[in-house]
1. Ignoring ligands, DNA and RNA, how do Ile159, Ile222 rank by accessible area with a 1.4 Å probe, largest first?
2. Determine how large the accessible area of Thr279 is when every protein chain is in place; take a 1.4 Å probe and give Å² rounded to the nearest 10.
3. Which net charge results for the neighbourhood of Ala254, defined as the other residues with beta-carbon distances under 11 angstrom from its beta-carbon, given Lys and Arg at +1 and Asp and Glu at -1?
4. Name all residues of region 67-111 having a backbone nitrogen under 12 Å from the label point set 7 Å from the Cα of Asn309 along its Cα→Cβ direction, giving them as ranges.
5. For the pair Ala254 and Leu289, how long in nm is the line joining their label points, each one 7 Å along Cα→Cβ?
6. FRET efficiency for Val167 and Leu330, Cβ-Cβ distance as r, R0 = 30 Å, nearest 0.05?
7. What FRET efficiency comes out for Arg74 versus Tyr158 if R0 is 25 angstrom and r is the Cβ-Cβ distance? Round to the nearest 0.05.
8. 7 Å from Cα along Cα→Cβ at both Gln81 and Tyr226: what's the point-to-point distance in nm?
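The values are calculated or read from the model by the stated rules, or taken from the named source; none is laboratory data. This is a predicted model, so every value here is computed, not measured. Note that each Cβ is placed from the backbone with ideal geometry, even for glycine, and that neighbours are counted across all protein chains shown. For accessibility, only protein heavy atoms count, side chains too; no ligands or nucleic acids. Shrake-Rupley method; radii C 1.70, N 1.55, O 1.52, S 1.80 Å.
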Amino acid sequence: MLYYRDVCSLKVLCWAVIGCLSPLSFADSTSQPQKSLEPTLKSASQEWFLSTHEVISEKVSDWSNGLDSFFSGRRDKVANQSFVSMRFGSIIDEGDGVSGFFNLDTRIRLPNTENRLNLVIETDGDELTQDNRVSENEAGQNILQSARNTRVATALRYIKKEWNTNVDLGVLLDMPMDPFLRFKVAQSWKTGQWQWSQSESLFSYYSLGNGGRYSLKADRRINDTYSTGVDFGATYLDSDSQTYWRENLYLTHALNRDSKLRYQLSYLQYGWPNLTSDTVLYFVQYQKLLYENWLIGEVKPQIAHARDNDYEAALSLTLSLEVLLGQEYL
């Protein structure tokens, strides 16, 4: 298990990257960028930007190799696919105004353990379900506030490929600590041109409660440019004594090698056995690779018709950057 001080160090490094990348981000700022910069300053800024990415990517690799040696008893270093994904930006909402967000996702893979152990770090570990969420990020704060208020969950994931299962045993790093256990089984198959997958999961948190989720997904590639798919999810939360349902219909459009569009329509419901309509939302998501293979920009306008807003249209715009860190991104 990752030591608590290592998680704190990771958050500090994340904040450092946010500071380094702030001129590129869509964060709120009262200061205005200068209209012109000396070439030497541009070169120094770019060198600082790239060196920061390199240092943290090497740190991720070092953590992975160290943990791999601890669990496997072998000290030989092999190429690994461990990574850290940091995504941050701004949400422009007609009701809440402009706010910022910060998300962190980490997978530390341990190859010497025969790929059976991963270390998982998430910033949404206290979010028990995505099936009732209209927005993927919470409004009302700026990027640094979001990073400071992040509730990190860290878990050791055991993978049993023969059974298509994985088990997460971890803790939500907050005060008080909240240990949890997650168990997931997944299956996949193909019929004609459609690729199907489904999963069943159970989870238990000491303070947040118990629950379970079922999901079913179908994808079809139309050609080199277009693909389409549908997915369905249902989550039961014991703490709410409620079942949440979500259906997504989407189309992806590859504009070129570095950019793509995603069009999605989602329908959210709740209740059982009688289902109640909650929200209908639709969005267009544009993603573009901005630098090499590790800096990604995203623009996402969305319209939501929520029950608690009398189904009136609510417009929001999400602008974000994603930074990928790890050995394969050096």
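1. On the way: Ile159 35, Ile222 95 Å².
Ranked from most to least accessible, the order is Ile222, Ile159.
2. Spelled out: Thr279, probe radius 1.4 Å, area about 0 Å².
3. Working: positive: Arg221, Arg257, Lys260, Arg262; negative: Asp224, Asp258.
Around Ala254, the charge tally is +2.
4. Residues passing the 12 Å test: 92-97.
5. Placing both labels 7 Å beyond Cα along the Cβ direction yields 1.1 nm.
6. Numbers: r = 31 Å, r/R0 = 1.05.
With R0 = 30 Å, the Cβ-Cβ based efficiency is 0.45.
7. Details: r = 18 Å, r/R0 = 0.73.
Plugging the Cβ-Cβ distance into 1/(1 + (r/R0)^6) gives 0.85.
8. Here the answer is 3.0 nm between the modelled labels.
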